[in-house]
1. Hey, rough spin-label estimate for GLN248 and GLU235, points 7 angstrom out along Cα→Cβ, what's it come to in nanometres?
2. Sort segment 148-297 into rounded, prolate or oblate with this rule: let a ≥ b ≥ c be the square roots of the eigenvalues of the Cα gyration tensor; rounded if a/c is under 1.5, and if a/c is not under 1.5, prolate when a/b is larger than b/c, oblate otherwise.
3. With +1 on each Lys and Arg Cβ and -1 on each Asp and Glu Cβ, and nothing else charged, work out how big the dipole of segment 99-247 is about its Cα centre, in Debye to the nearest 20.
4. Placing unit charges on C-beta atoms (Lys and Arg positive, Asp and Glu negative, everything else neutral), compute the dipole magnitude of segment 287-345 about its Cα centre in debye, rounded to 20.
5. Can you give me the % of accessible surface on segment 172-302 that is carbon or sulfur? Probe 1.4 Å, all protein chains present, nothing else counted.
6. Could you work out how far apart the two model spin labels at ARG298 and ASN95 are, taking each label as a point 7 Å from the Cα in the direction of the beta carbon, and quote it in nm?
7. How big is the charge dipole of the chain about its Cα centre, in debye rounded to the nearest 20, if each Lys and Arg gets +1 on its Cβ and each Asp and Glu gets -1 on its Cβ?
8. Within the chain, which is the longest segment that contains none of the GluC sites (Glu not before Pro) sitting in a DSSP loop with at most 16 other Cβ atoms within 10 Å?
Amino acid sequence: MPSPFRARLVPVLAAISLTLAAAPAFAWNGPVEKGVSLEKVADFGHQVTGVTVAEDGRIFVNFPRWTEDSPVSVAEVKDGAIVPFPNEAWNAWRNARKDELSPGEHWVCVQSVVADRQGNVWVLDPAAPAQGPIVPGGPKLVRVSLASNAVLQNIRFDESVATQGSYLNDVRFSPDGKWAYITDSGVRGAIVLVDLGTGEAKRLLDGDPSTQPKKGLVVTADGKPLRRPDGKGIEFAADGIALSPDGQYLYWQAIKGDTLYRIATRVLAEEGWRGDDIGAKVETVGRNGVADGLLIDRGGRLMYITSPEDDSVKVRNLQLPGSAPRLVIRDPRLRWPDTFSQGPDGSVYVTTSRIQDSAFFKPGAPIALPTSLWRLKNGR
């Protein structure tokens, strides 16, 4: 069994009392602040998943090719509008042009964008349109300079890493810039560890219970099981991912799951990298319920959690092992809150991807699904 969770983080943050939209107040012990509300940052005509806010305040989003052949895959948000990033050429891929354009130098089906603290935006492309077969040569992790918009590094993943049936989902970077950690939410969940210096990558915890969908769990939406017309439900494996600010612990969770796990990154880089079985080193943190996006605040005290089943955002105090997540805000506009990012001023942003409203689950839904980007705003 995994060892009990023992936090080794900074002193406890004074807890807060937050007033909820469309839900009763959920009190914390400690000083009281005013409520949290939603502030819309941008509306999109397409299904968004990832968001990242760079150190200079620039905002980037991505649109995976799930139910439509999106005309833009990665974009910068400027004054509420989207501008193809890093340029139109990288966004030129279309499903109908797959035999004309190289999948290695174009965005095929981007799932995540993440800015690091070294002046880059990283783009993770699982290259599996409609969450189906991988386009050969397409899976990649690409580093783009914020200063020049130039592509500086293109790490391509072969089938030993991006196996058929995989869906590389989200990524975090070690503070020293040496490692990338990627969740695979596909048929067989795993954590992919990438040496950013050499570009070498390895699948770790491949098939481990911590990275797999939980048998018997049914993901719901609007109080009902979320299923496609053929009866298939949500089956996403390891998805949400977070890294402690000191880089010592990696956290993750399956969407079809309710439990948060972590492992020491030292174990990944040493024992896992050399091929040791590290399953016994995985620690169970606690139950989050069904969750998608994860974010640890810059102080390392709190983990924000998106809760798509009830249109809410929750928070877990990582310094109180065994404590349950608390509700921050519940709002009907948070239709499948998906991905978080924290801006340089501490503001927390979240996308709403509306997965339960997509043509996957509602055949009459528009192919191009309107979605939004929000900022959590503390009332003063």
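The values are calculated or read from the model by the stated rules, or taken from the named source; none is laboratory data. This is a predicted model, so every value here is computed, not measured. Please note: Cβ atoms are built from the backbone with ideal geometry, for glycine as well, and neighbour counts cover all protein chains shown. To get the accessible areas, we keep the full protein, side chains included, count just its heavy atoms, and leave off ligands, DNA and RNA. Shrake-Rupley method; radii C 1.70, N 1.55, O 1.52, S 1.80 Å.
1. Spacing of the two 7 Å Cα→Cβ label points: 3.9 nm.
2. Values: a/c = 1.71, a/b = 1.50, b/c = 1.14.
Prolate is the answer for segment 148-297, as a/c is 1.5 or above and a/b outweighs b/c.
3. Values: 15 positive and 19 negative charges, 89 e Å.
With only Lys, Arg, Asp and Glu charged at Cβ, the dipole is about 420 debye.
4. Numbers: 9 positive and 8 negative charges, 48 e Å.
Here segment 287-345 has a charge dipole of around 240 debye.
5. C and S atoms contribute 48 percent here.
6. 4.0
7. My answer is approximately 920 debye.
8. 236-380
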